[in-house]
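Before any comments, here is the structure.
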Amino acid sequence: MDMPAQELLITELIKQYETFTGWGDSSNWKNQDFINLSEKIREKTGASISHVTLKRIWGKVKYDSLPNTYTMDTLVQFLDYENFRVFSMQFVPVGKPGEQDLPKAKPVKKSFRSMPYALGILTLVGILLVVIIASRTEHPKPPIILKDYTFSSKKVITSGLPNSVVFDFDASKSPYDSVAIQQSWDGHLRVNVSKNDRQHTSIYYFPDFYYAKLIVGGKIVKQHELLVESNGWLPIVEKQPVPVYYEKKDAMADGKLSLSPEKIKERNIAMQPTPPYVVYTNVTDFGEIYSNDFTFETSVKNNYNEGAAACRLSTIYILCKGTAIWIPLSAKGCVSDIDMYFAGYEVSGKKNDLSAFGVDFEKDVPLKIVSHGGKAQIFIDNKLVYTVIKGISRAKIIGIVFRFQGTGSVDYVRLTNGKVNYDDEF
């Protein structure tokens, strides 16, 4: 495929991503959007495309060569196409003018008697063209006026999962026949509804901080904050389309939060050939504690390293309103595949030496984060391994999440800023 054709396909791909994610015009996307997109692509397809590569494809970073087939296949698979070839066949003509010999028209003998017939045909064709053009002409839609719409929600239960949310909305003045409600940034969680309806309900399967959106004509007209709380520590095994929930008591062993492989297998969840991800999540209102001023301490261990889980990928998340902090840990040989993010500051293992985040998971690994005065220090095994010196945004902390490839354990959790103190020894 020549360069211009693939560039046209990339333009079409970007347009579909804008619609699919519900984020709108990608020229306005920020660095965090590409980080989030990279994570979502990995979660859905199992393949990794760094946020830097995404920014190159989107034209945010200068890049003279075209992306490879693996990258393009992964990008379109996120959009539910089989591969890039299938995608390209739908948007690029198979042949080009001049590539095939067109049959030559036979000469028509002119005669006086055929002229009335010809004139009649021409008149009929002209009328048909007028009708077709008139039917295809799109009349401009009235402008979308934001104040014409209302959008609110209420949770069915105060906390706990799964949780249904009732959305109340008024989109009766929409110039379009239907509108959409989207649970979060994820375009998979968008549902079309009639503009004449007044309510819609959705189920949230994971606790988190969300921005629910009311969308008209592809434009976000209203959005509001929605905190879905977990009601304490909630052990989850990630599965599609619905995760598998456990009670906290099912994941307690020797004074640790720990879901054993045997407990996972009891629910008919296979550990091989593709190990599941086990999540321990606690989303709640911790009080006035923010990403730029806190101390966090914990001790973790990834307890499973069989087969495809040899890298023992593990991530500790501190969820915040509108952003997050995540600290990756892995087996020492797998640090190329990890990324770190700190409330606006990012670093990729593909472009940086993150070998200090490779650990010995045969024992518990202490982790400590100290964020204060625009700087954050990260300690692993009681050693300072990384210092973030810029780019830390201020956002309210609303959750703590541990995510283990296979399964893992957490010994204790401490979160404080001197005024707010959260301590759990399990």
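Go through segment 368-378 and give me each residue that's surrounded by 21 or more Cβ atoms within 10 Å (Cβ to Cβ) and over 15 Å from G391 (Cβ atoms).
I369 - this is the single residue of segment 368-378 that is surrounded by 21 or more Cβ atoms within 10 Å (Cβ to Cβ) and over 15 Å from G391 (Cβ atoms).
How many residues, within segment 1-30, are in contact (Cβ under 8 Å) with a residue 24 or more places away in the chain and either in contact with a strand residue (DSSP E or B) (Cβ under 7 Å, 6 or more places away or on another chain) or over 26 Å from K351 (Cβ atoms) (or both)?
Count: 11.
Test each condition in (1) free of Cβ contacts under 8 Å to residues at least 40 places away in the same chain; (2) open to solvent by less than 20 Å² (accessible area, probe 1.4 Å) for V283 and report the one that comes out false.
Of the numbered conditions (1) free of Cβ contacts under 8 Å to residues at least 40 places away in the same chain; (2) open to solvent by less than 20 Å² (accessible area, probe 1.4 Å), the odd one out for V283 is (1).
Sort out which residues of segment 331-344 are under 19 Å from the mean Cα position of the chain (by Cα) and either closer than 19 Å to P261 by Cβ or open to solvent by less than 20 Å² (accessible area, probe 1.4 Å) (or both), and write them in order of number.
Matches in segment 331-344: I338, M340, Y341, F342, A343.
Hey, does segment 147-163 have a residue that's modelled with pLDDT of 90 or more and in a helix (DSSP H, G or I)?
Yes: segment 147-163 contains one or more residues that are modelled with pLDDT of 90 or more and in a helix (DSSP H, G or I).
Of all the residues that make up segment 13-66, how many are closer than 20 Å to R190 by Cβ and either open to solvent by 20 Å² or more (accessible area, probe 1.4 Å) or among the acidic types (D, E) (or both)?
The total comes to 17.
Read through the list (1) assigned to a strand (DSSP E or B); (2) on the phi > 0 side of the Ramachandran plot, then give the number of the only condition that Y317 fails.
In the conditions (1) assigned to a strand (DSSP E or B); (2) on the phi > 0 side of the Ramachandran plot, Y317 misses (2) alone.
For segment 277-312, which positions are outside any strand (DSSP E or B), out of contact with any Cys (no Cβ under 7 Å at 6 or more places or on another chain) and within 24 Å of V244 (Cβ to Cβ)?
T284, N303, Y304, N305, E306, G307, A308, A309, A310, R312
Filter segment 201-217 down to the residues that are open to solvent by less than 60 Å² (accessible area, probe 1.4 Å), part of a strand (DSSP E or B), within 29 Å of V237 (Cβ to Cβ) and not basic (K, R) and list them by number.
Those that are open to solvent by less than 60 Å² (accessible area, probe 1.4 Å), part of a strand (DSSP E or B), within 29 Å of V237 (Cβ to Cβ) and not basic (K, R): S202, Y204, D208, F209, Y210, A212.
Which of (1) within 26 Å of the chain's Cα centre (by Cα); (2) open to solvent by 10 Å² or more (accessible area, probe 1.4 Å) is the odd one out, the single condition I389 does not satisfy?
With respect to (1) within 26 Å of the chain's Cα centre (by Cα); (2) open to solvent by 10 Å² or more (accessible area, probe 1.4 Å), I389 is out only on (1).
Name every residue in segment 300-330 that is without any contact (Cβ under 8 Å) to a residue 40 or more places away in the chain, more than 18 Å from the chain's Cα centre (by Cα) and open to solvent by 20 Å² or more (accessible area, probe 1.4 Å), in order of residue number.
If the condition is that a residue be without any contact (Cβ under 8 Å) to a residue 40 or more places away in the chain, more than 18 Å from the chain's Cα centre (by Cα) and open to solvent by 20 Å² or more (accessible area, probe 1.4 Å), then G307, A308, A310 are the ones that fit.
Within segment 365-383, is even one residue within 15 Å of M340 (Cα to Cα), under 24 Å from the mean Cα position of the chain (by Cα) and at pLDDT 95 or above?
No.
Looking at (1) over 30 Å from A308 (Cα atoms); (2) surrounded by 17 or more Cβ atoms within 10 Å (Cβ to Cβ); (3) touching a Lys or Arg at 6+ places or on another chain (Cβ under 8 Å), which one does G406 not meet, given that it meets all the others?
Against the list (1) over 30 Å from A308 (Cα atoms); (2) surrounded by 17 or more Cβ atoms within 10 Å (Cβ to Cβ); (3) touching a Lys or Arg at 6+ places or on another chain (Cβ under 8 Å), G406 comes up short only on (1).
So which residues in segment 234-244 are open to solvent by less than 50 Å² (accessible area, probe 1.4 Å) and more than 28 Å from S152 (Cα to Cα)?
P235, I236, V237, V244
Being among the acidic types (D, E) and within 25 Å of the chain's Cα centre (by Cα) narrows it down to one residue among E266, E247, E262, E229; which is it?
Answer to the selection: E229.
The values are calculated or read from the model by the stated rules, or taken from the named source; none is laboratory data. None of these values were measured; they are calculated from a predicted model. Glycine also receives a Cβ, built like all others from the backbone with ideal geometry; neighbour counts cover every protein chain displayed. Heavy atoms of the whole protein, side chains included, go into the accessibility calculation; ligands, DNA and RNA do not. Shrake-Rupley method; radii C 1.70, N 1.55, O 1.52, S 1.80 Å.
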